[in-house]
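Reviewing the structure listed below.
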Ligand code: CAA
């Protein structure tokens, strides 16, 4: 499909989706969110794709929802359209692993989009923030919920109430990002991580996602039961036989997603 605000490339089982509105620091307007939702859905069902990388430019992952586009809207407009209710959250519904490779600004909706991915690899120039309070609004694509779960109440409140930015080092310390890498090697590191994931069984990787994500939605006893049942279910797959057999035979596993 031809996109205007994103660039999609699929190579070696990895789909790279690059946000591409350079003049607006990749601000998330309606067109971009719609194209991104389509591209994520396509990658999710594309048999060749085993992992997805979502990224932006070296200056901005995304500087937030498009302020120009929404500034004149009324309550009735945004309520009836359920602004940011569906397409903006498509990344959270992808079943395959999604890595956010973040350089530069990830602010407001940009930070929220990165947090919908499964983990964030940050360039050392990355800056995260939920500065919506400066615009007279609260976060609208999950920031108050996901940032709080990621970094705890105190830091989340600090970020949302002061609107300050967090650099990559602080984001790693706080647990918002899984690792920080030099800006120039961001895509190499993200590709290497995606390559590792692509070698695994797609079935198992999807089950891992479901189990970890369940921890945000349920109690510890329900979550561990869900995990255990998934673990049990894996014994019905050929990939479990292959993975354990390969270990015992001291060879690399060849998973077939069966
Ligand atoms: N929406 C629309 N346009 C934006 C934008 C945004 N969120 N962020 C940046 N831009 C545009 C600027 O208007 C500017 O365009 P023009 O050249 O046409 O004037 C261009 O991108 C470059 O931006 P700056 O000149 O401001 O660049 P800078 O380097 O001086 O500053 C910045 C960078 C600190 C990120 C600054 O652009 C900024 O503060 N942006 C807004 C950040 C923000 O408030 N994000 C939250 C948005 S609301 C939201 O996301 C709600 C939600 O939860 C759903």
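Calculate the FRET efficiency for residue 34 and residue 154 from the Cβ-Cβ distance with a Förster distance of 41 Å, rounded to the nearest 0.05.
That gives a FRET efficiency of 0.70.
Stretched out straight at 0.36 nm per residue, the stretch from residue 72 to residue 41 would grow longer than its current Cα-Cα span by 8.1 nm. In terms of its C-alpha gyration tensor, region 1-151 has a prolate overall shape, because the principal axis ratio a/c (a ≥ b ≥ c, square roots of the eigenvalues) is not below 1.5 and a/b outweighs b/c.
For residue 218 and residue 192 in the same chain, what is the full-extension length gain: residue separation times 0.36 nm, less their Cα-Cα distance, in nm? Intermediate results must be reported in sequence, preceding the final value.
Values: separation 26, 0.36 × 26 = 9.36 nm, distance 3.22 nm.
Between residue 218 and residue 192, full extension yields 6.1 nm more.
How far is helix 220-234 tilted off the main Cα axis of the chain, in degrees rounded to 10, range 0 to 90? Between helix and principal axis, roughly 50 degrees.
For the chain, the pair-distance distribution built from all alpha carbon pairs, in bins 10 Å wide starting at 0, is 7, 29, 35, 21, 7, 1, 0 percent. DSSP assigns beta bridges within the chain; of those with both partners inside it, close to 30 percent run antiparallel.
Estimated from helices alone, the mean residue ellipticity of the chain at 222 nm is -13000 deg cm²/dmol (sum of -39500 (n - 2.57) over DSSP H runs with n ≥ 4, per residue).
For region 164-189, the residues whose amide N sits under 11 Å from a probe point set 7 Å from the Cα of residue 11 along the beta carbon direction are 188.
Based on the Cβ-Cβ distance of residue 145 and residue 250, what FRET efficiency does E = 1/(1 + (r/R0)^6) give at R0 = 41 Å, to the nearest 0.05? Provide the component values of the computation, followed by the final result.
On the way: r = 45 Å, r/R0 = 1.10.
In this case the efficiency is close to 0.35.
If R0 equals 25 Å, the separation of the Cβ atoms of residue 210 and residue 135 corresponds to a calculated FRET efficiency of about 0.10.
Every read-out reported here was derived from the displayed coordinates using simple, explicitly stated rules and does not represent laboratory data. Note that the structure is a prediction, hence the values are computed from the model and not measured. Because the Cβ atoms are built from the backbone with ideal geometry, glycine has one as well, and the counts that use them run over all protein chains shown.
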